[in-house]
Amino acid sequence: MRPILLQGHTRSLTQIKYNREGDLLFSVSKDQVVNVWYSHNGERLGTYNGHVGAIWTVDVNSTSTLLLTGSADNTAKLWEVQTGKCLHTWEFKTAVKRVAFSEDDAMALAVTEQRMGYPGTIVILSIKNDLEAEQSDEPINIVYPKGSKAMAAEWGYLNKYIITGHEDGSVAQYDWKAGDQIKSVKAHNAEITDLQMSEDRTYFITASKDKSAQIFESNTLNHLKKYMTDAPLNSAAITPIQDFVILGGGQDAMQVTTTTMRQGKFECRFYHKILEDVEVGRVKGHFGPINTIAVHPDGKSFSSGGEDGYVRVHHFDEDYFKFKYPELH
Amino acid sequence: MPGFDNARQFPQSIEDLDFSDIEEKYKVPFEEGFDTVIVVDNAPTVDESKKDKLLKFIKKIFKNAGNIKDIDMPMDPDPKTETLTSKGFLFIEFETPEQAAMAIKQYDGYPMDKTHHLAVNRFTDIEKYSQIEEEYKEPEEEKFVEKEHLRSWLTDPQARDQFVLYRGDDVSIFWNKKTEPPEEVHKRINWTETYVQWSPLGTYLATFHRQGIALWGGPSWNKIIRFVHSGVKLIDFSPNEKYLVTWSNEPITLGPNGGAGTPFGPEDEGRQIIIWDVHGGNLLRSFPSSTLSSDGTPNKITWPMFKWSPSDKYFARVTQGQQGQQGQQALSVYETPSMGLVGNKSIKIEGLVDFEWAPASDKEKEKDKHSGEKKQREELLSYWTPEIGNQPARVTLLNIPSKEIVRTRNLVNVTDSKMHWQSNGDFLCVKVDRHTKTKKSTFSNLEIFRVREKDIPVEVIEVKDVVIAFAWEPKGERFAIITTSDPNYGQPTQGGVTLKTSVSFYYLEKPKPGKETLEKKTSNAIYWSPQGRHVILATLRSATTFDLEFWDLDFETTLDQKEFAKTDPAACLQLMSTQEHYGVTDVEWDPTGRYVITSSSFWRHSIENGYILWDFKGTQLQKHLLDKFKQLLWRPRPKSLLTSEQKKAIKKNLREYSKEFGKKDEEEESTLSEEQIKHRRRLMEEWNAWRKRVEKELSEERENAGIVSPPRRDDDTIEVIEEWIEEVVEETEEIIDD
């Protein structure tokens, strides 16, 4: 099917996210606006206005009532999804690069940037899911990551731990209550740009500037799979239904003006999740690096957001679902 | 503090002291001090009266080597004549050991006169050899090491071809395995410093190093031989791999010890080109780099500087004659193995610009092999000279070694000319770029020399446009040219504007002389299959177009068209496939014409470096993207040993052979894919087992925590709500009167 082009941002996309049902798609961009779209037809439902800096990250709770965003204006904001009302604003010392709700929606984490003499932190916030309730300003805990700063973070299942991806390419497990590092492995040779959990949070995929993406087991941080590409990666996602992963990236935005579109490798690449070295297909379209990829929870479509300011929503064709390796089944 | 408690142990007298260790340490070696002395043997024996005369003569010879400090000729009374006579040898002492070494190097074997060839040796050597034990000891026999079979790759049962791939710092040799990924034969990191090159018959792989060239080969890929030439940049093998020409931008220097330990002698100093014997590794002759041009500036290096005749018997180059003298060009033809000029002098040809040897036909090659040294076949070369004064430009065919002119042809209004020999030497095409009288525009003429026919008739084909590429079909009588009338041609364009071109195929004989032109192309390079018939038209080094067109010139037509095909060559001209290879920089046919590799090299740009393997029809078999991919070269094959009858027989029974090989291919494919399937199955099983384990753990943990796992979404639970919204845009009430 023809992809749906969502033209609602004036600057590059930083993160996109589906809600749990997948009917809504949230997108944030450096243009300081949060947009929400109907994922099936690309109609824009509304915007959340209030940030005064580039927005880096977005997450929605499992009941699609609350939306959390993090921005370069040193704040994280909690919004009512339905009305667009800002419910609460947390102030930090530096920009908020990544936010994520816990599995039970009772908590959220916010990764803050290391800048201006302030260390990078992971702040654990308590969230009340009642729309009327007053949110607490006081964080539950602040984790100071060891060594290199955190670039991305996610919750483990049952809130057992948080998983962080770091600038030096390492992946670590932190006890969010005690603030201690449990485990750390050197996964990539360059900074980790994205970290997405599988549906049941038992494994996760990392994307890195070292042109590879890898899958790790959450509990043990055991390395499971590795996907080598020929371009720096900005995002990686795992697809339900089919055993694929989608990788996106491309050469650095800084170099784009000096080269042709073809050279930039601005394509979403599909790899077989289990067979690793089998590239199944590519989806072209963006004319800048792909910054973020999200897969619809039902696995029937996916979206990508690029440096070019567009979100492209792709619905898979019939062939996609029929595809399988006959010799393996 | 050390005490003297054990003073009793000290030796009592000086005799008791053991000085042997110190003696050993400060022993004066016998040889020392005699390094500057040489022994000259085989000198004439003279009596007292002629002694001074001889010594004066000897001194005169050896003073070139260095300053003679002392010379001594022992004299003994002759038992018969009772007069003092010399004993045929004398000693010379030089100032430095280097001078002595130089004297030995230069004058050992020096012919003083007809009967006296001087034997010059180091004095210390004489001492050494005189101390050799009297008893003969059988030298240990050196174990015979069998040389490796240098053409072992040809014995591959599937007749696969090899190629060398240079990427980053790694050089690897691969077998081409069609659709399967290539099989690595050998790999070395930092095997070469600049690039690699095969010898023309594929026997050796040459690697470039700071110190010189190394040749590798055989099944083990060991070093076979090494040629010392510091800073070597370019090499060229003779067609039969007997000789190697190397060029370095650094003139040869002998160093402080006069070139001892190197293959160079004083006559090599300052020269830049060396001709080597490939088998023995010996330096045969060195040459200065091409002489200065008339205005005194060094000439641009054109490579190969020496062009070899197809039999390896002759090599030649254009020399500029005396400096500052215009029009004194000459063709210097040298003979092997003597390395001397044919007839002891160069052939003076006024204005000589360029020449080419005629390739040998298969028959001639066969003859060369059998006749050996006995009979020397005349070899043919062609050269051209531009217009000088009133004399028109001229193409000449010349026989070597007789230097007999076979054919000349005069041309007018020539700006430039290029000679293209067909690979069998049957035809010579001289592409002449001519200008109109006003010299404002240029056009091309193709002058075809039918060399094998009596009196060598010449046909002229006029081409209105500029010919930018020309290529003969290997062993064929067809050729292809690319012409352009694009106004951008020759303009310094920005961003590599792709020229509009047309491609023409010319038929000299079959089915009838004529031509076929394809208009509106962008192609700018022609790549014939080494077997002829198939040709690739490529668009290289353009910034926007990367087309590859695979053409077949003998496309099998249906029966009723066959008649037609006899009169119209276009009926057999078929475009098999048009492909694109983004960023393509090079096209390489394998030596059998079955496969072709197009590659994008890091040396030109860093766009999608890597290579694609195609079959001759233009079907993509494999694509490899490799970071820092630099060079890929197919290993050339020597000429087949089969006679033409044997080849015909094979062609006749091709069906049976292909059946056999097809079966083998299938078998291999099935085993290979089986292995792959096995591997994939295992991966799937491992993953599934792991998932099972993890899911079980997860559900247990959830149960313990008392949190039920969120139910999986099912398609059934999805509720599709359709909303129909009716909007009333306008409602008006009109009362209509009856």
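The values are calculated or read from the model by the stated rules, or taken from the named source; none is laboratory data. Given the structure is predicted, the values throughout are model-derived calculations rather than measurements. For neighbour counting, all protein chains shown are included, and Cβ atoms are generated from backbone atoms with ideal geometry for every residue, glycine included.
Scan region B:617-658 for residues that are among the charged types (D, E, K, R) and touching a Gly at 6+ places or on another chain (Cβ under 6 Å) and the total you get is 3. Any idea which residue in region A:205-221 is nearest to A:Ala152 (Cα to Cα), counting only those that are away from chain B (no Cβ under 12 Å) and in a loop (DSSP other than H, G, I, E, B)? Step by step, filter region A:205-221, then rank; the result is A:Lys209.
Here is a yes/no grid of residues against (1) surrounded by 23 or more Cβ atoms within 10 Å (Cβ to Cβ); (2) under 28 Å from A:Thr10 (Cα atoms):
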residue: A:Phe287; (1), (2): no, yes
residue: A:Ile293; (1), (2): yes, yes
residue: A:Gly299; (1), (2): no, no
residue: A:Ser303; (1), (2): yes, yes
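Candidates are the residues of region B:26-44 that are assigned to a loop (DSSP other than H, G, I, E, B) and modelled with pLDDT of 80 or more; the one that is farthest from the chain's Cα centre (by Cα) is B:Pro44. Of the residues making up region A:67-124, those that are more than 15 Å from A:Pro139 (Cβ to Cβ) and of a type in the set (Val, Ile, Thr) are A:Thr69, A:Val81, A:Thr83. Taking the conditions (1) touching a residue at least 12 places away in the same chain (Cβ under 8 Å); (2) out of contact with any Phe, Trp or Tyr (no Cβ under 8 Å at 6 or more places or on another chain) in turn, A:Thr83 satisfies each one other than (1). For region B:137-148, the criterion of being of a type outside the set (Lys, Arg), loosely packed, with under 12 Cβ neighbours inside 10 Å and part of a helix (DSSP H, G or I) is met by no residue.
This table checks each residue for (1) in a strand (DSSP E or B); (2) among the hydrophobic types (A, V, I, L, M, F, W, C).
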site	(1), (2)
B:Ser423	no, no
B:Lys431	yes, no
B:Lys437	no, no
B:Lys440	no, no
B:Lys454	no, no
B:Lys475	no, no
B:Ile482	yes, yes
B:Pro487	no, no
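Reported count of residues in region B:45-67, each being under 14 Å from B:Phe91 (Cα atoms) and either in a strand (DSSP E or B) or in contact with a His (Cβ under 8 Å, 6 or more places away or on another chain) (or both), is 0. Checked against (1) under 27 Å from the mean Cα position of the chain (by Cα); (2) more than 30 Å from B:Lys363 (Cα to Cα); (3) loosely packed, with under 13 Cβ neighbours inside 10 Å; (4) not basic (Lys, Arg), B:Ser640 passes all but condition (2).
Checking each residue in region A:183-204 for being within 14 Å of another protein chain (Cβ to nearest Cβ) and in a strand (DSSP E or B) picks out A:Met197, A:Tyr203, A:Phe204. The single condition among (1) closer than 16 Å to A:Ser198 by Cα; (2) surrounded by fewer than 18 Cβ atoms within 10 Å (Cβ to Cβ); (3) more than 14 Å from every other protein chain (Cβ to nearest Cβ) that A:Glu134 does not satisfy is (1). For B:Phe427, the conditions (1) closer than 20 Å to B:Ile349 by Cα; (2) modelled with pLDDT of 85 or more are fulfilled apart from (1). The residues of region B:698-709 that are acidic (Asp, Glu) and at the interface with another protein chain (Cβ under 8 Å from one of its Cβ atoms) amount to a single one, B:Glu701.
Taking region B:68-123 and the strands (runs of 3 or more DSSP E) fully enclosed by it, the elements with 3 or more residues that are within 42 Å of the chain's Cα centre (by Cα) are at B:119-122.
Quick check on A:Ile140: is it away from chain B (no Cβ under 14 Å), farther than 18 Å from A:Ala237 by Cβ and under 22 Å from the mean Cα position of the chain (by Cα)? Criteria not met by A:Ile140. Of all residues in region A:272-306, those being within 13 Å of another protein chain (Cβ to nearest Cβ), under 23 Å from A:Arg201 (Cβ atoms) and in a strand (DSSP E or B) number 1.
Would you check if A:Asp73 is within 14 Å of chain B (Cβ to nearest Cβ) and more than 17 Å from the chain's Cα centre (by Cα)? Taking the combined requirement at face value, the residue does not satisfy it. Inspection of region A:174-181 identifies at least one residue that is at pLDDT 90 or above and buried (at least 21 other Cβ atoms within 10 Å of the Cβ). Determine whether B:Glu669 is outside any loop (DSSP other than H, G, I, E, B), acidic (Asp, Glu), more than 11 Å from every other protein chain (Cβ to nearest Cβ) and on the phi < 0 side of the Ramachandran plot. Yes: the conditions hold for B:Glu669. Does region A:86-97 contain any residue that is surrounded by fewer than 19 Cβ atoms within 10 Å (Cβ to Cβ) and under 16 Å from the mean Cα position of the chain (by Cα)? Within region A:86-97 (the criterion being surrounded by fewer than 19 Cβ atoms within 10 Å (Cβ to Cβ) and under 16 Å from the mean Cα position of the chain (by Cα)), the answer is no, since none of the residues qualifies.
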